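Heads up: the structure comes next, in structure tokens.
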Amino acid sequence: MTTIPDDSRASLCKALLLFAKKHPEQQKTADRMRRFITSAPDCFERSHAEGHITGSAWLVNPSGEKVLLTLHHKLQRWMQTGGHADGDPDTLRVALREAEEESGIPGIQPVSPEIFDIDIHLIPARPAKGEPAHYHYDVRYLLRAPHEDFALSEESDDLSWWSADDFATRTAELDEAVQRMARRYFGKA
């Protein structure tokens, strides 16, 4: 287990408080995440049985008109890029690392250091791999790619740039959290 300094936990909890003030509809999720962060010493490690902190990217193209989604290999859903913190309490750094790894796009930058979205979701068990069902406490950031040329990684079955129209017409392919981020980003309720 990696020892995470208390100030790193406090910094993330403070960012979650600021996020909840801007997005009161996600107050309960932010509170649950803060309780998890302060009560689970190894919350940034994937070995924590209940679940762990993850970092994700709402990755937009240079013009900001499209968002890169991945058809996740394990979950078979279109979603944002992201992944495990693996001991790193800097969830923005995790989101940047995962966005680059999963898209093959170097030079991705944050649009803002503030949290864009949060979500807690259950990851199904994979008995063949010895993985029990667990939760991902996902902290998401708005990032910008310097170009649209991507490279498929082993974690994805496909990658695709989605426009506002794609999000509006392909809702059956998306879970509610991805739809919420699209509404937040594109400004449609």
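The values are calculated or read from the model by the stated rules, or taken from the named source; none is laboratory data. Predicted model, so just to flag it, every value in this text is computed and none were measured. Virtual Cβ from ideal backbone geometry, glycine too; neighbours counted across all protein chains shown. Note: areas computed on protein heavy atoms with side chains; ligands, DNA, RNA excluded. Shrake-Rupley method; radii C 1.70, N 1.55, O 1.52, S 1.80 Å.
Filtering region 1-39 down to residues that are of a type in the set (A, V, I, L, M, F, W, C) and over 22 Å from Asp86 (Cβ atoms), which residue is most open to solvent (accessible area, probe 1.4 Å)? Spell out the reasoning first.
First, the residues of region 1-39 that are of a type in the set (A, V, I, L, M, F, W, C): 1, 4, 10, 12-13, 15-20, 30, 33, 36-37.
This time we only want the ones that are over 22 Å from Asp86 (Cβ atoms), so: 17-20, 30.
Details: Leu17: 77, Leu18: 98, Phe19: 7, Ala20: 3, Ala30: 1 Å².
Within region 1-39, the match that is most open to solvent (accessible area, probe 1.4 Å) is Leu18.
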Task: Where Ile108 falls short, out of the listed (1) under 10 Å from the mean Cα position of the chain (by Cα); (2) open to solvent by less than 30 Å² (accessible area, probe 1.4 Å) - done: (1)
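Of the residues Asp149, Asp138, Asp165, which is among the charged types (D, E, K, R) and either under 18 Å from the mean Cα position of the chain (by Cα) or under 23 Å from Leu17 (Cα atoms) (or both)?
On the way: Asp149 fails: either under 18 Å from the mean Cα position of the chain (by Cα) or under 23 Å from Leu17 (Cα atoms) (or both); Asp165 fails: either under 18 Å from the mean Cα position of the chain (by Cα) or under 23 Å from Leu17 (Cα atoms) (or both).
Being among the charged types (D, E, K, R) and either under 18 Å from the mean Cα position of the chain (by Cα) or under 23 Å from Leu17 (Cα atoms) (or both) holds for just one of Asp149, Asp138, Asp165, which is Asp138.
Residue-by-condition table, conditions (1) out of contact with any Pro (no Cβ under 9 Å at 6 or more places or on another chain); (2) over 20 Å from Asp42 (Cβ atoms); (3) hydrophobic (A, V, I, L, M, F, W, C):
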position: Ala85; (1), (2), (3): yes, no, yes
position: Pro110; (1), (2), (3): yes, yes, no
position: Val139; (1), (2), (3): yes, no, yes
position: Leu143; (1), (2), (3): no, yes, yes
position: His147; (1), (2), (3): no, yes, no
position: Ala151; (1), (2), (3): yes, yes, yes
position: Asp158; (1), (2), (3): yes, yes, no
Open item on the list: Quick check on my filter: what residues within region 40-81 are open to solvent by less than 40 Å² (accessible area, probe 1.4 Å), among the aliphatic types (A, V, I, L, M) and modelled with pLDDT under 90?
Closed with: Ala40
Open item on the list: Any residue at all in region 40-58 that's farther than 15 Å from Tyr137 by Cβ, of a type outside the set (Lys, Arg) and either touching a residue at least 24 places away in the same chain (Cβ under 8 Å) or not in a strand (DSSP E or B) (or both)?
Closed with: yes
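Does Asp165 fit the bill of being at pLDDT 95 or above, out of contact with any Pro (no Cβ under 9 Å at 6 or more places or on another chain) and open to solvent by less than 10 Å² (accessible area, probe 1.4 Å)?
Details: at pLDDT 95 or above: yes; out of contact with any Pro (no Cβ under 9 Å at 6 or more places or on another chain): yes; open to solvent by less than 10 Å² (accessible area, probe 1.4 Å): no.
Criteria not met by Asp165.
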Task: Extreme residue, most open to solvent (accessible area, probe 1.4 Å), among residues of region 124-162 that are in contact (Cβ under 8 Å) with a residue 60 or more places away in the chain, among the aliphatic types (A, V, I, L, M) and over 15 Å from Glu102 (Cβ atoms) - done: Leu142
